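Peer 1: Before we start, here is the structure in question, set down as structure tokens.
The values are calculated or read from the model by the stated rules, or taken from the named source; none is laboratory data. Just so we're clear, the structure is a prediction, and the values are computed from it rather than from any experiment. Please note: Cβ atoms are built from the backbone with ideal geometry, for glycine as well, and neighbour counts cover all protein chains shown. For accessibility, only protein heavy atoms count, side chains too; no ligands or nucleic acids. Shrake-Rupley method; radii C 1.70, N 1.55, O 1.52, S 1.80 Å.
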Amino acid sequence: MIESVICRDLGIKYPVIQGGMAWVADASLAAAVSEAGGLGIIAGMNMNGEQLRAEIHKAREITSKPFGVNVMLMSPFAAEVAKVVAEEKIPVITTGAGNPGIYMKDWLAAGIKVIPVVASVALARMMEKRGAYAVVAEGGESGGHIGELSTMALVPQVASAVKIPVIAAGGIADGRGMAAAFMLGACAVQSGTRFLVATECTIHENYKKLVLKAGDRETVVTGRRLGHPVRALKNAFVNEFRAKEADMSVTDEELENLGKGALYRAAREGDLETGSFLCGEIAGLVDREQPAREIIEEMCAEAEKLLVGARSLVK
Ligand code: TUI
């Protein structure tokens, strides 16, 4: 069975972490992933402190296995979410879209394993110095907020630069991607897009259908002008955003306002016109709705087979 230091340290069976996707990664999905032997993550992004606390309690009713919380650093609730995770004794935190430096001391004092998502070697090194347990090196193939480098280039550079465990993310949706990530120096993977179509994922049916039928060239990045590029499936909303982004008579504030609520409209209302359906470049590979357990077991079995084969190749 494919196993790594991450499994031993986090108390999980498979080295697979589910991405903490805003408006997507709720108690239902996170608990299903953890129950299946991966590490489920609840998204702290779209909740205030008390809403997150309720979601954590809900997940604990479904599973007694460990799960984590993602603190999205651009969220207006980041500070209260940061406090609640410590109060609730969440064992693992991932962070996204920024530098979690200001929270590190308190989290480490609470005994939490902190796993910042990084998009550069510099931030990975800084996080290692500040006491991070591991880093997620997330390439720009991923959905949602992205950095500049691809997974292929980022993961080995981060793996060479730090001694702490490296978890690869961005464009990983099956055993081939997982095996490749291990070859690049990672000892676990984080997948988001693949879990959008998990049976236990509670997003709107329209969102699942879009991901299931999407091909390889159906995502696009918007928001570079605002300093936070986001990858999503092409649709009317994204087209309008792109046109306005290129139009300098539209102010940054108007652009920010256009984006408000778009993730909610996609994930919870399935609004095909005005929703922003965040999705990774690997969507073309995701063609089946399956229980989280099946997704994880298939991915790990395929990766293991490939890695065993590769070992004999390089002997
Ligand atoms: O955070 C994510 N993915 C997300 S967050 C999100 S919600 C959102 N809503 C509106 C606008 C933007 C986002 C949707 N998807 N992934 C983790 C991630 N973090 N990817 C890349 C990074 C990152 C990028 C730059 C982390 C740090 C960084 O630099 C920070 C620094 O200060 O150096």
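Peer 1: Place a point 7 Å from the Cα of Arg60 along the Cα-to-Cβ direction; which residues of the stretch 21-45 have their backbone N under 16 Å from it?
Peer 2: Zone members listed by number: 27-28, 31, 42.
Peer 1: Classify the stretch 72-130: rounded, prolate or oblate, from the alpha-carbon gyration tensor (a ≥ b ≥ c, eigenvalue square roots; a/c under 1.5 rounded; otherwise prolate if a/b is larger than b/c)? Please list the in-between numbers first.
Peer 2: Details: a/c = 2.15, a/b = 1.36, b/c = 1.59.
Because a/c hits 1.5 or more and a/b fails to exceed b/c, the stretch 72-130 counts as oblate.
Peer 1: Can I ask one more? Compute the distance in nm between two label points, each set 7 Å from the Cα along the Cα-to-Cβ direction, one at Asn48 and one at Ala86.
Peer 2: If labels sit at Asn48 and Ala86, their model points lie 2.1 nm apart.
Peer 1: Same structure again: Cα centroids of the stretch 198-254 and the stretch 93-124: how far apart, whole angstrom?
Peer 2: Comparing the Cα centres of the stretch 198-254 and the stretch 93-124, I get a distance of 27 Å.
Peer 1: Using a 1.4 angstrom probe on the protein heavy atoms only, could you order Lys113, Lys163, Lys208 from most to least accessible area?
Peer 2: On the way: Lys113 65, Lys163 195, Lys208 5 Å².
Accessible-area ranking of Lys113, Lys163, Lys208, largest first: Lys163, Lys113, Lys208.
Peer 1: Is it possible to state the helix-based mean residue ellipticity at 222 nm for the chain, with each DSSP H run of 4+ residues giving -39500 (n - 2.57), the sum divided by total residues, to the nearest 500 deg cm²/dmol? What is it? Don't skip to the end; give the middle numbers.
Peer 2: Working: 14 runs with 137 residues, N = 315.
Taking each H run of at least 4 residues, the total per residue is -12500 deg cm²/dmol.
Peer 1: In terms of the Cα gyration tensor, with a ≥ b ≥ c the square roots of its eigenvalues, is the chain rounded because a/c is under 1.5, prolate because a/b exceeds b/c, or oblate?
Peer 2: On the way: a/c = 1.35, a/b = 1.21, b/c = 1.12.
Verdict is rounded for the chain.
Peer 1: Is the shape of the stretch 1-67 rounded, prolate or oblate, going by the alpha carbon gyration tensor and its root eigenvalues a ≥ b ≥ c, with a/c under 1.5 for rounded and a/b larger than b/c for prolate?
Peer 2: Values: a/c = 2.43, a/b = 1.90, b/c = 1.28.
Prolate shape, in that a/c is at least 1.5 and a/b is the bigger ratio.
Peer 1: Taking every DSSP beta bridge that has both residues in the chain, what percent is antiparallel when rounded to the nearest 5?
Peer 2: If I count the DSSP bridges inside the chain, around 20 percent turn out antiparallel.
Peer 1: Could you calculate the contour length gain from Lys260 to Asp106, that is, 0.36 nm times the residue separation minus the distance between their Cα atoms, to one decimal place in nm? Numbers along the way, then the final one.
Peer 2: Details: separation 154, 0.36 × 154 = 55.44 nm, distance 3.09 nm.
Roughly 52.4 nm would be gained on extension.
Peer 1: Given R₀ = 25 Å, FRET efficiency for Asn206-Glu253 by Cβ-Cβ distance, to 0.05? Could the numbers behind the result be given before it?
Peer 2: Numbers: r = 29 Å, r/R0 = 1.18.
The pair Asn206/Glu253 has a calculated efficiency of 0.25.
Peer 1: So, one more: Checking the cross-link filter: which lysines have an alpha carbon closer than 22 Å to that of Lys234, excluding same-chain neighbours under 8 positions apart?
Peer 2: Reachable lysines: Lys208, Lys209, Lys213, Lys244, Lys260.
Peer 1: Another question, then. Near Val162, within a Cβ-to-Cβ distance under 13 Å, what is the net charge of the other residues, with Lys and Arg +1 and Asp and Glu -1?
Peer 2: Numbers: positive: Arg125, Lys129, Arg130, Lys163; negative: Glu128.
With Lys, Arg at +1 and Asp, Glu at -1, the net is +3.
Peer 1: While we're on this one: In the stretch 139-163, whose amide N lies under 20 Å from the spot 7 Å out along Cα-to-Cβ of Arg224? List them in ranges.
Peer 2: What the label zone holds, given the 20 Å backbone N cut-off, is 139-154.
Peer 1: If I take R0 = 22 Å and measure r between the Cβ atoms of Ala122 and Ser160 in this structure, what FRET efficiency does the formula 1/(1 + (r/R0)^6) give, to the nearest 0.05? Can you show the working numbers first?
Peer 2: Numbers: r = 13 Å, r/R0 = 0.61.
With R0 = 22 Å, the Cβ-Cβ based efficiency is 0.95.
Peer 1: Over the heavy atoms of Thr199, what accessible area does a 1.4 Å probe trace out, to the nearest 10 Å²?
Peer 2: We get 70 Å² for Thr199.
Peer 1: With the contact rule set at Cα under 8 Å and sequence spacing of 6 or more, what percent relative contact order holds for the chain? Walk me through the intermediate numbers first.
Peer 2: Numbers: 699 pairs, mean separation 55.4, N = 315.
So the answer I get is 18 percent.
Peer 1: Students often forget the sequence filter, so: which lysines lie under 22 Å Cα-Cα from Lys89 once same-chain residues fewer than 8 apart are removed?
Peer 2: Once the sequence-local lysines are set aside, what remains near Lys89 is Lys13, Lys58, Lys65, Lys105, Lys113.
Peer 1: Here is a follow-up. Using a cut-off of 12 Å between beta-carbons, work out the net charge of the residues near Glu205 (Lys and Arg +1, Asp and Glu -1, Glu205 not included). List each step's numbers first, then the result.
Peer 2: Working: positive: Lys208, Lys209, Arg268; negative: Glu269, Glu289.
With Lys, Arg at +1 and Asp, Glu at -1, the neighbours total +1.
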